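Student: There's a structure below that I have some questions on.
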Amino acid sequence: MWYCQLQHFQNTAQAMVNANVVATLFRFANYRIPPFHWHLCTLQLPLSVSRMNFALRQLSRAVRSYSANKHQLSLLTASSRVFLDANKNKSKEISNFIIRKMSQRNITSFFKPKAQTSSDEVKKKEEANKKEGAAVVENGTPASDGVSSATKRKSEDASNSPVGQAAKVAKKEVKDEKSPKTKPKKEKSPKSKQQTEKPKDNEENEKSLGNKEKKEESIPKTEDKEETVVVKKEEVVKPETSGSSPKQPVRTMCLQLNDTKVDTIITDYNPDKNNYHPLKDAAWKKGEKIPYLALARTFQLIEETRGRLKMVEILGNFFSSVLVTNPDDLLPSIYLSINQLAPAYEGLELGVAETTLMKIICDTTGRKMDFIKSQTHITGDLGIVAEQSRMAQRMMFKPAPLTIAGVFKKLKDIANAPGKNKITPIKDIFIACRGSEARFFIRSLIGKLRIGIAEQSLINAVATSLVKVKYLDNFRKMSDEKIKSKIDEVTLILKTTYCQCPNYDKIIPTLLEHGIDEIEERCPMLPGVPIKPMLAQPTKGVSEVLERFDGLTITCEFKYDGERAQIHCDENGVISIFSRNQENNTTKYPDIICRIGEFAKSNVKSYIIDSEIVAWDVEQQMILPFQVLTTRKRKNVDVQEIKVQVCVYAFDLLYLNGEPLVTKAFADRRNLMKENFNETEGMWHFAHAMDTSDVDEVQQFLEESIKGNCEGLMVKTLQKDATYEIARRSRNWLKLKKDYLAGCGDSLDLVVIGGYRGKGKRTGSYGGFLLACYDDENEEYQSICKIGTGFSDEDLQTHAEFFKNHVVPNKKSYIACDSSLEPDDWFEPVQVWEVKCADLSISPIHKAAIGIADPEKGISLRFPRFIRIRDDKTAEMATTGREVAYMYNSQDQIKNQQSRQTAMDDDFY
């Protein structure tokens, strides 16, 4: 009913003095117009002097604060001309004011609508034009030009004022929103008394309003040559009136972007094309800013693809077009592809709740919250719901197309904005989204892009694009073997560089400026930038350890049950602490930073220490369980409020006084650490170690570690093959945990991918779960077992509450699972559990390590039981299929059956 109320207010004296009425109605109606248009609608009323001054202040504030593009400002100037016509007595003063404001935005052209005429003058003009052969008729209604101002004044009435026109357009726009049917009010000429009646509802007339063709009149282009602004003239709507004289023609100005290029991207751009050419097949020209829709289209194709190699090829094709047309957009494209805004250690997160995004979708599309929630529950994807809602929305004009650089900058602004200040920029971008842009924009805000592109695939895609661009003219002539060889060579360089400097902000600019050959040298290891840690292979027993290191000098260290930590100190003395996931934990351990001066000697200027932080009982002088450490506050800890004390056990030195030490032998690194750092009781210790090659000594040392509340032993080589292998799970480090006596050589870290609803005592929660390991080669999750033991009632309730927010309607393409195992609910792979089992066996239905231990079957766990949640690990850091196969082959009964053990190659994790 709001648009009828708008016409009513226009015909009352109250509306002439109250500019806020119309703006309130537009807000109440949830009309899809940016805020500064509300003020323009208020300015189109014949206002009193005091209210006019108020409206001018609103316009000034809108012009200063609204970050509009050139097209939107053109619309602003067009509406300003209507404002001038409606306030002729103040025309000169207002014109000077608007010109001054518009000049600040480099907008100097004003667009004046054609004058309106009475029906008799229209007929006369039409006859004259017919005789001259130059008549312009639009949908049966002649548009008149050159009519005198006196005639214009006589023909104007309240029903044809700009606000009345806005009401009709708004009525047309909200028709699909299922608002109650209303009947327009009759209006007479200004000389007669103003009265309102309810004519018959004329739905056919409304349909004809949307179906008739509209003639477009070109308007001078703005400085952006890629955008074309046009004016649409709306046809005459003739509602029934009590008088015999026909209604005068109504003309409403409407601006619209030229969407040719956008439509081309939606329908024709295809990076999945065979023999894709980076320049010829790109949907944009060289030097242009790359549209965000092109990246969204690439994501859409990747999401519809199963094979990892094909996914890498599609993304690589897009990156190659970026490199050829606009290399500056490569960095934001890479970050958007892995849903990051900066390196992980910077901790830049969007922090937008799903409920907040639902409210934004409701506000910008007119949908109801219940509808959004129900659709999200059905589809399991708020991104798809946002896309459907946005596609169903019709607007008076389309904002300028989004660009990759623009969206990336806006996302960073959103991440840095506090609280409610995030909402406005999110709305601005969402309103401008076209096609699948809305889907992936909302997913980016949630933190789940759902396209299956991980770090390794991304590096492979960048390497593919570099090779393709380098051999642009001859790429199609090269053999597949040569192409693969070149890509593998570049991939290895990029991986090595990323391991020692995991910062795309440094790698990509260096790559573009100096090329792939100099990138390793120009992106060295530096304090303040965390490196991916070296990890150890699990083992089954002492005899296996000695068999692996037969004839080598080894050392055994206590394996502490705490949190892995890299402690950095740069040349300026700035201290940083990073987790194994490269998260910045500096604010979590202010007590360590306070006493860091006691640890390093005076000659130490910069360093990187690899260590383990454990909870410490000050009174008993002993290590506390890991669960005690998890009770500490995770961020912005106040030293005065710390209740759980910690102790640092340093076990490796990676960097000292400007020199990386990762290529030195472990024995040399350990000696340098002990020479340059001090131990302090209860605060700083070196890892308790013993150098030996005797089986009995290793066994005895293992028992000693268990008595000291440790997990077991870390066994390392001292001289041969003793370098620090960044980002590798190396067999030069072996872990011997106390749990090996229970049957399984090591616990497994598995991802929860599904849940089975409980019965009996467990009704209302999940009675069992489906777990999977991670295949880092194919980047998929492979089912390995069902689990239903090891849970307390509190655990089951906690799991049910957590996973109800991560339910998806169908199995994702990156999950490998037999149909016979289908759970009641599928989950997003978001949580890792530590699981113990009796042993491992070949399974005909589970897919873990399929093709490694057995060519057609996978591996499953026997008698698995839940140990704990691994909050310190992401889903991609779960136990891999190769590790599962290694543990399977390490069992005694399997060794007796096989003549040799399956080779386990080191690889990036």
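The values are calculated or read from the model by the stated rules, or taken from the named source; none is laboratory data. Not measured: the values here are computed from a predicted model. No Cβ is skipped: glycine too gets one built from the backbone with ideal geometry, and neighbour counts run over all protein chains shown. The accessibility values were calculated without ligands, DNA or RNA, using every heavy atom of the protein model including side chains. Shrake-Rupley method; radii C 1.70, N 1.55, O 1.52, S 1.80 Å.
Student: Give, rounded to the nearest 20 debye, the magnitude of the charge dipole that the range 747-899 has about its Cα centre when Lys and Arg contribute +1 at Cβ and Asp and Glu contribute -1 at Cβ.
Tutor: With only Lys, Arg, Asp and Glu charged at Cβ, the dipole is about 560 debye.
Student: Pop a pseudo-label 7 angstrom from the Cα along the beta-carbon direction at both E571 and E288 and give the gap in nm to one decimal.
Tutor: 4.5 nm
Student: Enter the accessible area per residue of the range 535-737 (Å², integer; probe 1.4 Å; all protein chains in place). Walk me through the numbers before you get to the answer.
Tutor: Working: 8800 Å² over 203 residues.
It amounts to 43 Å² per residue over the range 535-737.
Student: Something else about it: Please name whichever of N657, I577, V646 sits farthest to the positive end of the charge dipole of the range 535-737, dipole taken about the Cα centre and charges placed at Cβ: Lys and Arg +1, Asp and Glu -1.
Tutor: The residue sitting farthest along the positive end of the dipole is I577.
Student: When the chain is fully extended, how far beyond the present Cα-Cα distance does R862 get from N678, taking 0.36 nm per residue of separation? Spell out each step's value before the answer.
Tutor: Values: separation 184, 0.36 × 184 = 66.24 nm, distance 4.70 nm.
Full extension of this stretch gives 61.5 nm more.
Student: Right, next: With a 1.4 Å probe and all protein chains in place, put I378, I592 in order of accessible area, largest first.
Tutor: The ranking, largest first, comes out as I378, I592.
Student: Can I ask one more? Return the distance in nm (one decimal) between the two label points of a simple spin-label model at D591 and T553, each offset 7 Å from Cα along Cα→Cβ.
Tutor: 3.8 nm
Student: Taking a ≥ b ≥ c as the square roots of the Cα gyration tensor eigenvalues, with a/c under 1.5 meaning rounded and otherwise prolate when a/b beats b/c, else oblate, which class fits the range 535-737? The partial results should precede the final answer.
Tutor: Working: a/c = 1.93, a/b = 1.32, b/c = 1.46.
Oblate is the answer for the range 535-737, as a/c is 1.5 or above yet b/c matches or exceeds a/b.
Student: Given an 8 Å cut-off on Cα distances and at least 6 residues of separation, report the relative contact order of the range 535-737 as a percent.
Tutor: Working: 399 pairs, mean separation 68.2, N = 203.
Taking the mean separation of contacting Cα pairs over the length of the range 535-737, I get 34 percent.
Student: Could I ask something else about it? Pulled fully out, how much extra length does the chain show between S543 and D428, if you take 0.36 nm times their separation in residues and subtract their Cα-Cα distance?
Tutor: Stretched out fully, the S543 to D428 stretch lengthens by 35.0 nm.
Student: Order K812, K285, K707 by their accessible area, 1.4 angstrom probe, all chains in place, largest first.
Tutor: K707, K285, K812
Student: Run the accessible area of the range 535-737 with a 1.4 Å probe and give the carbon-and-sulfur part as a rounded percent.
Tutor: 45 percent
Student: Using 0.36 nm times the number of residues separating V695 and R757, minus their current alpha carbon distance, what extension gain do you get? Don't jump to the answer; show the numbers that get you there.
Tutor: Details: separation 62, 0.36 × 62 = 22.32 nm, distance 4.84 nm.
So the chain would gain 17.5 nm between V695 and R757.
Student: As a test of reading the structure, rank T424, T325 by solvent-accessible area (1.4 Å probe, protein chains only), most first.
Tutor: Result of the area sort, largest leading: T424, T325.
Student: Residue by residue through the range 592-604, what is 3J(HN,Hα) from phi via Karplus (6.51 cos²θ - 1.76 cosθ + 1.60, θ = phi - 60°)? Round to whole Hz and write x for glycine and proline.
Tutor: 5, 5, 5, 10, 5, x, 6, 8, 8, 6, 5, 7, 8
Student: Further question: Can you give the FRET efficiency to the nearest 0.05 for Y471 and E659, using r as the Cβ-Cβ distance and R₀ = 41 Å?
Tutor: With R0 = 41 Å, the Cβ-Cβ based efficiency is 0.60.
Student: Going by Cα centres, the range 641-713 and the range 464-480 are how many Å apart?
Tutor: Rounded to whole Å, the Cα centres lie 49 Å apart.
Student: Moving to a separate point now. Under the classification rounded if a/c is under 1.5, otherwise prolate if a/b is larger than b/c and oblate if not, where does the range 438-577 fall, given a ≥ b ≥ c as square roots of the Cα gyration tensor eigenvalues?
Tutor: Prolate.
Student: Given +1 on the Cβ of Lys and Arg, -1 on the Cβ of Asp and Glu, and no further charges, what dipole in debye does the range 277-467 carry about its Cα centre, rounded to the nearest 20?
Tutor: Working: 26 positive and 18 negative charges, 108 e Å.
Dipole size: approximately 520 debye.
Student: How much of E641 can a 1.4 Å solvent probe reach, expressed as accessible area in Å² and rounded to 10?
Tutor: Only protein atoms counted, so the area is about 130 Å².
Student: Determine the alpha carbon to alpha carbon distance for each of K735/K786; K410/K448; K280/K468; K285/K310; K289/K812; K470/K532 and list only those over 22 Å.
Tutor: From K735/K786; K410/K448; K280/K468; K285/K310; K289/K812; K470/K532, over 22 Å: K735/K786; K285/K310; K289/K812; K470/K532.
Student: Starting from the Cα of T264, step 7 Å along the direction of its Cβ; do the same at A400; then give the gap between the two resulting points in nm.
Tutor: 1.9 nm
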